[in-house]
Amino acid sequence: MRTLTTATKKSFIAAAKSVQKKPSTLPAGQVPGAKSLWDDFMFGNFLTWHRYFTSPLFDGSATSLGSDGVAVKQRGHPGTGGGCIASGPSSDLVVRLGPDNPRCLSRDLSADTAKRFASFRNTTELIMGQQTVEMFEALLSGDPRYVTGEVGVYGGGHDLVGGEMPDPFTPPHDPFSTLLNLPLVLTLQHYCHDFLNVSPLNSTVKIKDMINTVCGPLCYVYI
């Protein structure tokens, strides 16, 4: 990400700004908080539609997503910000949902959270130390059925940014959400292109060809 050209970084920013200026496509009576096309991104079937928004066209970098929030006094274990983004391309972004509640985009970067849940060590152990997809997913997301007191690498990525990111529903407001999800999309891509042994019905086939019953070797629908 850090090797992207200045032109590519500016293209990402320009794309995000353009979407923020376009009107919403949703019915105003049903979704009063959606004022712009950017707001339309805040709902949907996450695991499917967000694949469209993490295409290479929207690649960003750590230096192109705006700054930390303005430092404010907080309770608990805050990071170094907590207020509205101080500078950068996201500093004028208006968060509206939900419901219609216009406010600035805030961040509260936390080095402690990053070290605890989303460090290079955490990521390496997650990738290299798991023998099953079940445990990989459980540790990635901090599934309480398998681990206690953990939010996982993915949850840590949300929590270390603060602001909208720890919220279960509003992280897409922050352009950082796109960057955070790119590795998961890559993981899904590798998984779908892995091979599955379905002998004796067939030889080895790619998982992606078995997911859709109307593509690949399959051709049927349920009625």
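Please verify whether segment 215-223 includes one or more residues that are β-branched (V, I, T), in a loop (DSSP other than H, G, I, E, B), over 30 Å from V95 (Cα atoms) and out of contact with any strand residue (DSSP E or B) (no Cβ under 8 Å at 6 or more places or on another chain). The answer is yes; a qualifying residue exists. Of the candidates D159, D143, D174, D194, the single residue that is within 11 Å of the chain's Cα centre (by Cα) and of a type in the set (D, E, K, R) is D174. Just a yes or no: is a residue in segment 87-95 acidic (D, E) and either touching an Asp or Glu at 6+ places or on another chain (Cβ under 8 Å) or closer than 20 Å to V151 by Cβ (or both)? No, segment 87-95 has no match at all. Just one of the numbered conditions (1) at pLDDT below 80; (2) surrounded by 12 or more Cβ atoms within 10 Å (Cβ to Cβ) is not true of R2: (2). Checking segment 160-169 against the condition returns a match, with at least one residue being under 30 Å from V94 (Cβ atoms), touching a residue at least 24 places away in the same chain (Cβ under 8 Å), assigned to a loop (DSSP other than H, G, I, E, B) and of a type in the set (D, E).
The values are calculated or read from the model by the stated rules, or taken from the named source; none is laboratory data. Bear in mind that the values here come from a model prediction, so they are computed numbers and not experimental data. Note: ideal-geometry Cβ built from the backbone for every residue, glycine included; neighbour counts use all protein chains shown.
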